[in-house]
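Undergrad: Can you read through this structure? Questions will come right after.
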Amino acid sequence: MSDKAITPRALAKFFSENTEKDKVINELFDFFKLDCLENLNLSASGTDELIQKFESSPSYDTELLASIIESIRSSQKAAVKREKQLSKEVASTIKESLLEDVSIKDIAKKMSISYYYMCHIFKNRYGVSPNQYRIKKRLELSLKDLLEGTKKIADIATSCGFNSVSYFTECFGKLFGFAPSAFKERFNGKTLHSFYDIDDVLLSLKMQSLKLCTEAPRDISLPAAISTIHEPDEDFNFLHEAAIIEYKGILYSAWYSCPRAELRGYTPILGRRSKDNGKSWSEPEIICEDKTGKIMYCPPIFGICDDSLYMMVNQMSAPDHIHSLDLYRLNEATKKFQLLWSRPIPFKLNTNVTKLPNGKLILPGRLGELDGFPITPAVMISDSGKIDAEWRIVKIAKDGVLEDGEKLVFPELSVMRHQSTLYCFCRNDKRRVPLVYLSKDLGDTWEKVFSHDVPYISSKVYAGNLTNGRKYLICNIDDFSRSRLAIYFTEPHGEIFTQRQILFDKDSLPYKNAIACHYPAAYEKDGRLYVIASLNYEESVRAAVLITIDIEAF
């Protein structure tokens, strides 16, 4: 068993029983093997004060020794954080000097760190050596020029930091398996998004590609208003994965909340209601909770069936480790959501219930083992068309592995329909390639995953069909900061996105002092598209906001 698996108190007791008091501190430092970097993060004054108290105490104070052990462990955690930050700084320095004739050893010297230590922590973090990382970044620079095909290979090599065309060709061939001159032909019909790195390009080459968006969608400006549903408060600093629906003239919103950090400890589902299209909201209510924090609730989704409003949530035994699927129904007499059943179904919810033309219901999400992390794209289907009946699970993919052998990370799904074809858009954080799965029989079977040209990145997407025949896709675009949220529209009864509207932009369309807007969900009613999303004021401080779009203005 590792020392991290032993509590400070148990470890202190072990030392008290096996080590003399005047030798125990030295034994501790040997046991934890603190290196110079950890010592830099060790709270010298705090730890020294504890040690002085321990050494001057007349007895063997195991509680005090446990405090010393916890202080040393904290320094180890800080060291891991520092190594992560140091690796980022090395990567940033490499990218800033891509076109310079400077060695990796020179970079280490400039940063005043050991070259070998730098290589060690960098490879642990990025999976490649600093030099291999630099070669990949230089090759990335060449791709756009290669696709355009107007420059000579020798000129491209020089402009990307390679000393010779032969070395450029050698490095390119090792990575891609063919010469630079063949790249344009091999990449024909695919989209090279600006945020792709080399691994994204390599994955894209292994996949079929779909054209779902015009090259330059027309920017539009439908009447839209943004307002706050719920702000962080003294009880809950973190609000996330919200859902919204309209039922009998009332807007219902719900989300999961955490006192401070995301999905740690007490994590209830909260909700509010609005009788005036989102202008004002009722006091928040707790819909489901476990005060011990052993079970966390996430996320809520809604559905309407047989004139009843339903809500589904996941119970989790750890972050994204699904313990059960729970179904609630609104009791209109008491105005409370009541639990109908809780079943051990390891399916992570993503979007509201969608009704299909054949009368069946569908829920996109991801599947895993019970109390495990779900990574396999899947849908649940209610053949009876009833929410409170049996649901069957259909895997969209046989596993959660991409074409390049890498596992999907947070493959959150959302579905739109064109005639009898379902498009299931997929987020993935391991590779930045936008993904979509197709079903030609309304969800019973699925084709292999495709890449596509809608430039969403690193966040949940939300798609759907509007009553005016258009389809929509809400997503974060352009970079990883989630500072821009956009909605794309097709023409009526079309399947190609031709129009785009920016819903949030921290620079040009700011709201309060927010730095990001993401995790959208939506519901249409009476000519309005209600979009609920998470709003970041800083990394771990989030609100729930409503963006109301006038769809009738089309």
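Undergrad: Calculate what fraction, in whole %, of the accessible area of the stretch 66-209 sits on carbon and sulfur atoms when a 1.4 Å probe is rolled over the protein chains.
TA: 48
Undergrad: Something else: Once all Cα-Cα distances of the stretch 219-260 are split into 10 Å bins that start at 0, what whole-number percent is in each one?
TA: 22, 39, 30, 9, 0
Undergrad: Can you give the accessible area of Arg528, probe radius 1.4 Å, in Å² rounded to 10?
TA: 90
Undergrad: If you don't mind, there's one more thing I want to ask. Any number yet on Rg/Rh for the stretch 493-554, C-alpha, Kirkwood?
TA: Rounded to two decimals, Rg over Rh is 1.02.
Undergrad: I would also like to ask the following. Output the pairs from Lys88/Lys152; Lys275/Lys386; Lys123/Lys294; Lys174/Lys440 with a Cα-Cα distance over 30 Å in this structure; if there are none, say none.
TA: Lys88/Lys152; Lys123/Lys294; Lys174/Lys440
Undergrad: Taking every DSSP beta bridge with both residues inside the chain, roughly what % is antiparallel (nearest 5)?
TA: 95
Undergrad: Could you tell me how many cubic angstrom of Cα convex hull volume the stretch 107-263 has per residue?
TA: Spread over its residues, the Cα hull of the stretch 107-263 gives 254 Å³ apiece.
Undergrad: Over the stretch 175-279, what number does the Rg to Rh ratio reach, with both radii from the alpha-carbon atoms and Rh per Kirkwood?
TA: 1.20
Undergrad: Tell me the accessible surface of Asp48 in square angstrom (1.4 angstrom probe, heavy atoms of protein chains only), to the nearest ten.
TA: 80
Undergrad: Normalised radius of gyration for the stretch 442-491, please: alpha carbon Rg relative to 2.2 N^0.38 Å, two decimal places.
TA: For the stretch 442-491, the normalised Cα radius of gyration is 1.33.
Undergrad: For a quick size check, give me the Cα extents of the stretch 148-214 along its three principal axes, largest first, whole Å.
TA: Extents along the principal axes: 39, 23, 21 Å.
Undergrad: Got a sec? Charge dipole of the chain, +1 on Cβ for Lys and Arg, -1 for Asp and Glu; which of Cys160, His493, Leu64 is way out at the positive end?
TA: The Cα lying farthest towards the positive end belongs to His493.
Undergrad: Still on this structure, please answer the following. Show Glu285, Glu83 ordered by accessible area, largest first, where the area counts protein heavy atoms only and the probe is 1.4 Å.
TA: Heavy-atom accessible area, descending, gives Glu83, Glu285.
Undergrad: May I pose another question? With the other protein chains left in place, how much accessible area per residue, in square angstrom, belongs to the stretch 450-536 at a 1.4 angstrom probe?
TA: Using a 1.4 Å probe on heavy atoms only, each residue of the stretch 450-536 averages 31 Å².
Undergrad: Follow-up question, since we're still on this one. Once fully extended, how much extra length lies between Lys279 and Gln338, figured as 0.36 nm per residue of separation less the alpha-carbon to alpha-carbon distance?
TA: 18.6 nm
Undergrad: Quick one: dipole size for the chain, taken about the Cα centre, charges +1 on Lys/Arg Cβ and -1 on Asp/Glu Cβ, in debye to the nearest 20.
TA: Its charge dipole is roughly 1080 debye.
Undergrad: Something else now. Using a simple spin-label model with points 7 Å from Cα along the Cα→Cβ vector, what separation in nm is obtained for Ser114 and Glu369?
TA: Rounded to a tenth, the inter-label distance reads 3.8 nm.
Undergrad: As I understand it, the dipole of the stretch 73-152 uses +1 on the Cβ of Lys and Arg and -1 on the Cβ of Asp and Glu, about the Cα centre. Which of Asn131, His120, Val102 lies farthest toward its positive end?
TA: It is His120.
Undergrad: Then there's this: Quote the FRET efficiency, to the nearest 0.05, computed for Leu141 versus Thr7 with a Förster distance R0 of 35 Å and r equal to the Cβ-Cβ distance.
TA: Result of the calculation: an efficiency of 0.10.
Undergrad: Moving on to the next point. Evaluate the Debye formula for the stretch 250-370 with equal point scatterers sitting on the alpha carbons, no solvent, and hand back log10 of I(q)/I(0) at q = 0.09, 0.12, 0.13, 0.20 Å⁻¹, in q order, two decimals.
TA: Debye intensities relative to I(0), on a log10 scale: -0.25, -0.45, -0.53, -1.19.
Undergrad: Another question about this same structure. Just the number, please: carbon plus sulfur as a percent of the accessible area of the stretch 361-419, 1.4 Å probe, no ligands or DNA/RNA counted.
TA: Roughly 48 percent, rounded to a whole number.
Undergrad: How many percent of Cα pairs in the chain exceed 35 Å?
TA: 48
Undergrad: Please calculate the 1.4 Å probe accessible area of Thr498, with all protein chains present, and give it to the nearest 10 Å².
TA: 30
Undergrad: Might you tell me the accessible area per residue for the stretch 308-404, computed with a 1.4 Å probe and given in Å²?
TA: Dividing the accessible area of the stretch 308-404 by its residue count gives 39 Å².
Undergrad: Determine the order of Ile287, Ile547, Ile226 by accessible area, beginning with the largest, at a probe radius of 1.4 Å.
TA: Ile226, Ile287, Ile547
Undergrad: Tell me, how many Å apart are the Cα centres for the stretch 238-299 and for the stretch 452-529?
TA: Taking the Cα centre of each part, the stretch 238-299 and the stretch 452-529 sit 22 Å apart.
Undergrad: In whole angstrom, note down how far apart the Cα centers of the stretch 148-163 and the stretch 353-428 are.
TA: Each part's Cα centre sits 44 Å from the other's.
Undergrad: Report, in cubic angstrom per residue, the convex hull volume of the C-alpha atoms of the stretch 361-513.
TA: Here the figure is 149 Å³ per residue.
Undergrad: Further, regarding this structure: Could you work out the Rg to Rh ratio of the stretch 346-420, with Rh taken as the Kirkwood radius (inverse of the mean 1/r over all Cα pairs)?
TA: Checking Rg against Rh, the ratio lands at 1.00.
Undergrad: Would you pull out the residues with amide H under 5 Å of Phe497's amide H, same chain only if 5 or more places away, H placed 1.01 Å from N?
TA: Distant-sequence amide H within range of Phe497: Cys213, Thr214.
Undergrad: Hey, if we sort Val90, Val165 by accessible area with the 1.4 Å probe, largest down, what's the order?
TA: Val165, Val90
Undergrad: Rounded, prolate or oblate for the stretch 112-157? Axes are the square roots of the Cα gyration tensor eigenvalues, ordered a ≥ b ≥ c, and the cut-off for rounded is a/c under 1.5.
TA: Cα axes put the stretch 112-157 in the prolate bin.
Undergrad: Dimensions of the stretch 446-554 along principal axes (Cα, Å, largest first)?
TA: Each principal axis gives a Cα extent; for the stretch 446-554 these are 39, 36, 24 Å.
Undergrad: What does the charge count near His452 come to, summing +1 for each Lys or Arg and -1 for each Asp or Glu among other residues with Cβ under 14 Å from its Cβ?
TA: The answer is +2.
The values are calculated or read from the model by the stated rules, or taken from the named source; none is laboratory data. Keep in mind the model is a prediction, meaning the values are calculated, not measured. So basically every Cβ, Gly included, is an ideal-geometry build from the backbone, and we count neighbours across all protein chains shown. Side chains are part of the model used for accessible areas, which takes the heavy atoms of the whole protein and leaves out ligands, DNA and RNA. Shrake-Rupley method; radii C 1.70, N 1.55, O 1.52, S 1.80 Å.
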